[in-house]
Amino acid sequence: MSESIILVKNKEIVVPGQPLAKGKLNLGKDVYRDKFGIIRAKKLGLVDVKEDNISIVPLSGVYIPREGDITIGIISKITGSTIIVDIRSPYQGAIPIPRGRAVERVNMRKYKLKLGDVLLAKVKAFDGSSSLLLTIDMEGLGKLEGGYLLEVDPAKVPRVIGKRQSMLSILRDKTRSELIVSNNGRIWVKTPSLKELLVLEKALRKIENESHISGLSDRTSSFLSQELSN
């Protein structure tokens, strides 16, 4: 790396043709070296620099956090003062564990967590590159117990919810299930039985594949009725 110059920040969003680096770096996915020796991006995406390798993570299907987003994450690591959370993004979320006077202002039962726990958390702060701060210190947030996790493309989340939550209401009512849809494309569900879970999974794939076609709500409602009657 001493003979290389990185021209962008790690995890920065870049556009095709944008200069990324100079020097002796190994080229990964979706980057190329021009005739002047400058490494450039082939696609719109996130720069990923690891040791002496550089590549691009395409943005299609990738969740890019925004302040205020509600996410469903899975705890991947707990250090002495921080909970690290996988939010299905190139960026990992961090939840500081309250210490000292801060303890008096929060419900510490929410912080009795372990690896693998599923959390409903809000994006409190994000600098656009690396530092992503989550919070569970609000009503309704914290550990999600029981239920199952399903996933959709984050770009399809608005279609899963629908205007005035119309699609979400159809999914809930038809399958008699509890659903929480997060901005990062994870969906926490509690269904009456395995049958409703499997039908719900099929319905979500239908919404993803047909999101560009009008009349999706009616088709999804009919699909659910037919599948659940079998």
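Nothing in this text is a laboratory measurement; each read-out follows from the coordinates by a stated rule. The structure presented is a predicted model; accordingly, all values stated were derived computationally and were not measured. Cβ placement follows ideal geometry from the backbone for every residue including glycine, while neighbour counts extend to all protein chains displayed.
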Restricting things to alpha carbons, tell me how big the stretch 119-230 is in terms of Rg and Dmax, in Å.
-> 15.2, 50
Expressed in nm to one decimal, what extension gain is obtained for the pair Arg205 and Thr135 from 0.36 nm per residue of sequence separation less their Cα-Cα distance?
-> 22.2 nm
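Using r as the Cβ-Cβ distance of Glu67 and Arg33, and R0 as 45 Å, what FRET efficiency do you calculate, to the nearest 0.05?
Working: r = 36 Å, r/R0 = 0.81.
Once the sixth-power term is evaluated, E becomes 0.80.
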Put a dot 7 Å past each Cα toward the Cβ at Gln92 and Arg219; how far apart are the dots in nm?
-> 4.0
Mind checking which of Gly147, Leu179, Leu113 is farthest towards the positive end of the stretch 109-230's charge dipole, using Cβ charges of +1 (Lys, Arg) and -1 (Asp, Glu) about the Cα centre?
-> Leu113
Mean residue ellipticity at 222 nm from the helices of the chain, using -39,500 (n - 2.57) per DSSP H segment of n ≥ 4 over the full residue count, to the nearest 500 deg cm²/dmol?
-> -6000 deg cm²/dmol
With R₀ set to 25 angstrom, the calculated FRET efficiency between the beta-carbons of Asp173 and Ile74, to the nearest 0.05, is 0.30
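So what is the relative contact order for the stretch 5-58, in percent, with contacts set as C-alpha pairs under 8 Å and at least six apart?
Working: 124 pairs, mean separation 21.0, N = 54.
With pairs under 8 Å counted, the relative contact order is 39 percent.
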The ³J(HN,Hα) series, computed from each phi in the stretch 153-162 with the Karplus coefficients 6.51, -1.76 and 1.60 at θ = phi - 60°, rounded to the nearest Hz and given as x for glycine or proline, is 4, x, 5, 8, 4, x, 6, 5, 7, x
Taking the dipole of the chain about the Cα centre (Lys, Arg +1; Asp, Glu -1; charges at Cβ), the one of Ser217, Leu44, Ser89 that reaches farthest to the positive side is Ser89
Could you give the size of the charge dipole of the chain about its Cα centre, using +1 on the Cβ of each K and R and -1 on the Cβ of each D and E, expressed in debye and rounded to the nearest 20?
-> 140
Residue separation times 0.36 nm, minus the C-alpha to C-alpha distance between Leu59 and Thr82: what's the value?
-> 5.5 nm
Restricting to lysine pairs 8 or more places apart or on different chains, what number in the stretch 5-58 have Cα atoms under 16 Å apart?
-> 14
With bins of 10 Å, the percent of all Cα-Cα pairs of the chain per bin from 0 is 7, 26, 26, 23, 13, 4, 0
